[in-house]
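Only one structure is covered here, and it is reproduced in the block below.
The values are calculated or read from the model by the stated rules, or taken from the named source; none is laboratory data. This is a predicted model, so every value here is computed, not measured. Ideal geometry is used to build each Cβ from the backbone, glycine not excepted, and the neighbour counts take in all protein chains shown.
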Amino acid sequence: MKKDILKWAKEVLQIEADAIVDIKKDLDGAFSKAIEILFNSKGRIVVSGMGKAGIIGKKFSATLSSTGTSSFWVHAAEAVHGDLGMIRETDVVVILSYSGETEEIKNLIPFVEKIGAKVIAITGKSRSFLGRYADSAISVKVEKEACALGLAPTTSTTAMLAVCDAISVVLMKMKGFGKHDFASFHPRGSLGRKILQVKDIMRKGKFNPTVDASISVREVLTKITSSGAGAAVVVDNDKRLIGIFTDGDLRRNLQKYSNILDRKVKDVMTKEPITVKNTDLATKALNILEKKKIDEVPVVDKDGCPVGILDVQDLIAAGII
């Protein structure tokens, strides 16, 4: 028995690999038409199916959503019990069914047509009920299932998954979906953390206290406290960055000035502070903070104008640390 384990496993993998190669050879205009419909859609991509094909459909919908194509899953049986309200005329409904004759699928199609949404079929039988009614039917016909009985969906679902991946990647390329787009959809993933930019996590607006050099330390502390920040960016009359005021500056000057709260912030701030650009990688900003042993740093744009402030806590919250 043990000596047969690897043999049986390799047979399954070979059957499924051969099926994908065959589908690759037979890929035709139906696939191109389906891509055209999906790419030009003004709505969402609704994915539906039953059984094992439905499970593949769920993964397909998730892949689309994470690669720049808005999508959601609707159970074929639940659709005719109220979930049809989720589908709009501008949507495209992709239905996965190897036989194309599943009763729940046959019940669903007339109602989708009534709504006016286009239908794309991913099926092993292009001339099935589903295939005939679809605006485009992509064939995933396989010679045999890898199941020892030739019954359980194995090769057929692998073929469906491969074709769904091909659709997702083609749409991704056509839309110019890149690494930074991927990162914005996967901010907690390892890739997302690696390519997050400072502008994605910096503090701005009311959370970025920016003060005039002529105001008092007392006023600056009030602004810092109300914004929940740990420092304030100091600018001149032309709104150019000239310094930063932190709690470290306050502590260092307490003994030097008995009236520090009433002094102008320009007298006690850190002048010509270290900065990071809003387009810098967050990981680069972390290296700067660690190397310089500071907790906050002003953020500037390509022209050197202050646009935010980055706190070490922001890096922690983003999972960079």
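Tabulated values for the structure
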| item | result |
| --- | --- |
| Subset of the stretch 213-243 (residues that are part of a strand (DSSP E or B) and either touching a Lys or Arg at 6+ places or on another chain (Cβ under 9 Å) or among the aromatic types (Phe, Trp, Tyr) (or both)) | Ser216, Ala232, Val234, Ile242, Gly243 |
| Lone qualifier among Leu261, Leu289 - being surrounded by fewer than 16 Cβ atoms within 10 Å (Cβ to Cβ), assigned to a helix (DSSP H, G or I) and among the aliphatic types (A, V, I, L, M) | Leu261 |
| Residue within the stretch 26-39 that is surrounded by 22 or more Cβ atoms within 10 Å (Cβ to Cβ), at pLDDT 95 or above, under 21 Å from the mean Cα position of the chain (by Cα) and assigned by TED's automatic domain parsing to the domain that holds Phe111 present | yes |
| Residue within the stretch 53-70 that is touching a His at 6+ places or on another chain (Cβ under 8 Å) and under 22 Å from Tyr133 (Cα atoms) present | yes |
| Strands (runs of 3 or more DSSP E) contained in the stretch 78-182 and holding at least 3 residues in contact with a strand residue (DSSP E or B) (Cβ under 8 Å, 6 or more places away or on another chain) and among the aliphatic types (A, V, I, L, M) | 92-96, 118-123 |
| Criterion: under 23 Å from Lys25 (Cβ atoms), of a type in the set (D, E, K, R) and either surrounded by fewer than 20 Cβ atoms within 10 Å (Cβ to Cβ) or in the same structural domain as Ala53 (by TED's automatic domain parsing) (or both) - qualifying residue of Lys114, Lys144, Lys118 | Lys144 |
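Listed here are the residues, each with its yes/no results for (1) of a type in the set (Lys, Arg); (2) outside the structural domain of Ala213 (by TED's automatic domain parsing); (3) not in a loop (DSSP other than H, G, I, E, B).
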position	(1), (2), (3)
Lys266	yes, no, yes
Pro273	no, no, no
Thr279	no, no, no
Ala285	no, no, yes
Pro298	no, no, yes
Gly304	no, no, no
Leu310	no, no, yes
